[in-house]
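Report on the following structure.
The values are calculated or read from the model by the stated rules, or taken from the named source; none is laboratory data. Quick caveat: nothing in here was measured; it's all calculated off a predicted structure. Here the Cβ positions follow ideal geometry from the backbone for every residue, glycine too, while neighbour counts run over all protein chains shown. We work out accessible area using only protein heavy atoms, side chains counted, and drop any ligands, DNA or RNA first. Shrake-Rupley method; radii C 1.70, N 1.55, O 1.52, S 1.80 Å.
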Amino acid sequence: MMSQDLLRLGGREFRSRLIVGTGKYADHGTMQRAHEASGAEIVTVAVRRVNLDRTQDSLLNYIDEARFLLLPNTAGCYTAEDAIRYARLGREVGLSNWVKLEVIGDDKTLFPDTEGLVAATRVLVKEGFVVLPYTNDDVVVAKKLEDAGAAAVMPLGAPIGSGLGIRNPYNIRLILEAVRIPVIVDAGVGTASDAAIAMELGCDGVLMNTAIAGAKDPVLMATAMRHAVEAGRLAYLAGRIPKKLYATASSPLEGMIG
């Protein structure tokens, strides 16, 4: 069943609904093993923070581009202009015309500058980019990003790297109802149950980095996240039972001997 349940994103199809990052690993070998264990098909790379010269000891040399789609991100950009510049740079050096768009508006929370985010999305979409914007869990902004041509919206579950999980599932549900493009939770996941919750809400995918790279055993956590995303997706498709205040007998009462 899972082989037929594909994530359709940016004109492509993916079997995995888990997207993983490349930062914060102890070494490149651990990163490679974690990527393998995750089953992911998309990995993010920070354009500002990675050595783009592949003739040197670049992180890019440890990613199998025949297997993984590179998703450059504009982490560390605080203006729309900077984000646009680094998205263009990523494409020019041959990474991808896809971009995980980040325009940060606050140092402490790393919450996005949504005004700059929408503006940058409009520009990059017109230039032929497949734009996946990291945004807050605001339904109005999500709709503006869809109107701007974003290929997906990526609302945070909690602040980047916090591991707090899905803090406001109700807003995520509102976004799911409001837009017709994929919704991918990005940021805040701490453990496997957080990923499962995101998928059970009906999200199309989950993006994470710190939750895997920062775990005591990143490879084992990557395996856990892979199963959590798959289990959450299956539970969503199956349709959970309604919540009730009182008990309901699990065995039929008919035919019982008094």
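For the chain, take N as its residue count and report Rg(C-alpha) divided by 2.2 N^0.38 Å. Show your work: numbers first, answer last.
On the way: Rg = 19.4 Å, N = 258, 2.2 N^0.38 = 18.1 Å.
Scaled against compact globular proteins, the figure is 1.07.
Which of the aspartates and glutamates could a cross-linker span from Lys143 if the Cα-Cα distance has to be under 16 Å and same-chain partners fewer than 8 positions apart are dropped?
Of all the aspartates and glutamates, those that pass the test against Lys143 - Cα under 16 Å, at least 8 places apart if same chain - are Asp113, Glu115, Glu177.
Please list, in chain and number order, the residues 5+ apart from Ile42 or on another chain whose amide H is under 5 Å from its amide H, with Hs placed from the backbone.
Result for Ile42 returns Val20, Leu69.
Looking at region 1-108, which trypsin sites (Lys or Arg not before Pro) are DSSP coil and have at most 10 other C-beta atoms within 10 Å of their C-beta?
Details: sites: Arg8, Arg12, Arg15, Arg17, Lys24, Arg33, Arg48, Arg49, Arg54, Arg67, Arg85, Arg88, Arg91, Lys100, Lys108; in loops: Arg15, Arg17, Lys24, Arg48, Arg49, Arg54, Arg67, Lys108.
Within region 1-108, the qualifying trypsin sites (Lys or Arg not before Pro) (loop, at most 10 other Cβ atoms within 10 Å) are Lys108.
At 0.36 nm per residue, minus the direct Cα-Cα distance, what do Lys216 and Asp57 gain on full extension? Give it in nm, one decimal, please.
On the way: separation 159, 0.36 × 159 = 57.24 nm, distance 2.55 nm.
54.7 nm is the gain from fully extending Lys216 to Asp57.
Filter the trypsin sites (Lys or Arg not before Pro) in region 170-258 down to the DSSP loop ones having no more than 13 other Cβ atoms within 10 Å, then list what survives. List each step's numbers first, then the result.
Numbers: sites: Arg173, Arg180, Lys216, Arg226, Arg233, Arg240, Lys243, Lys244; in loops: Arg180, Lys216, Arg240, Lys243, Lys244.
Passing both the DSSP loop test and the Cβ count: Arg180, Lys216, Arg240, Lys243, Lys244.
On the full set of protein chains, 1.4 Å probe, figure out the accessible area of Phe68 and give it in Å² to the nearest 10.
Taking all protein chains as shown, Phe68 has close to 20 Å².
Starting from the residue with the highest accessible area, list Thr114, Thr191 in decreasing order, probe 1.4 Å.
Numbers: Thr114 35, Thr191 60 Å².
The residues order as Thr191, Thr114, largest area first.
Could you tell me how many degrees, from 0 to 90 and to the nearest 10, lie between the Cα long axis of helix 114-126 and the main elongation axis, the longest principal axis, of the Cα atoms of the chain?
The two axes meet at around 70 degrees.
Given the convex hull over the Cα atoms of region 1-149, what projected area results after averaging over all orientations, in nm²? Provide the component values of the computation, followed by the final result.
Values: hull surface 39.1 nm².
Its average projected convex-hull area is 9.8 nm².
I want the local charge near Asn209. Using Cβ-Cβ distances under 13 Å, sum +1 for each Lys or Arg and -1 for each Asp or Glu among the other residues.
Details: positive: Lys24, Arg49, Lys100; negative: Glu102, Asp186.
Once all neighbours under 13 Å are counted, the net charge is +1.
Which residues make up the longest stretch of the chain clear of GluC sites (Glu not before Pro) that lie in a DSSP loop with no more than 14 other Cβ atoms within 10 Å, not counting the sites?
Working: sites that count: Glu65, Glu127, Glu254.
Answer - 128-253.
In debye to the nearest 20, how big a dipole does region 36-105 give about its Cα centre with +1 on each Lys and Arg Cβ and -1 on each Asp and Glu Cβ?
Details: 8 positive and 10 negative charges, 37 e Å.
So the magnitude is around 180 debye.
Once you place label points 7 Å from the Cα toward the Cβ at Tyr78 and Asp5, how far apart are they in nm?
4.2
Subtract the Cα-Cα distance of Ala238 and Val140 from 0.36 nm times their separation in residues, and report this length gain in nm to one decimal.
Working: separation 98, 0.36 × 98 = 35.28 nm, distance 2.94 nm.
Full extension of this stretch gives 32.3 nm more.
What do you get for the angle between helix 169-178 and the principal long axis of the chain? Use alpha-carbon atoms, 0 to 90 degrees, nearest ten.
Taking the Cα atoms of the chain, the angle to 169-178 is about 80 degrees.
Return one number: the angle in degrees, 0 to 90 and rounded to the nearest 10, between the long axis of the Cα atoms of helix 80-92 and the longest principal axis of the Cα atoms of the chain.
80
Protein chains only, probe 1.4 Å: how do His35, His227 rank by accessible area, largest first? Don't skip to the end; give the middle numbers.
Working: His35 5, His227 105 Å².
Highest to lowest solvent-accessible surface, that is His227, His35.
Where the centroid of each part is defined by its Cα atoms, how far is region 4-72 from region 81-139 in Å?
Going from one Cα centre to the other spans 18 Å.
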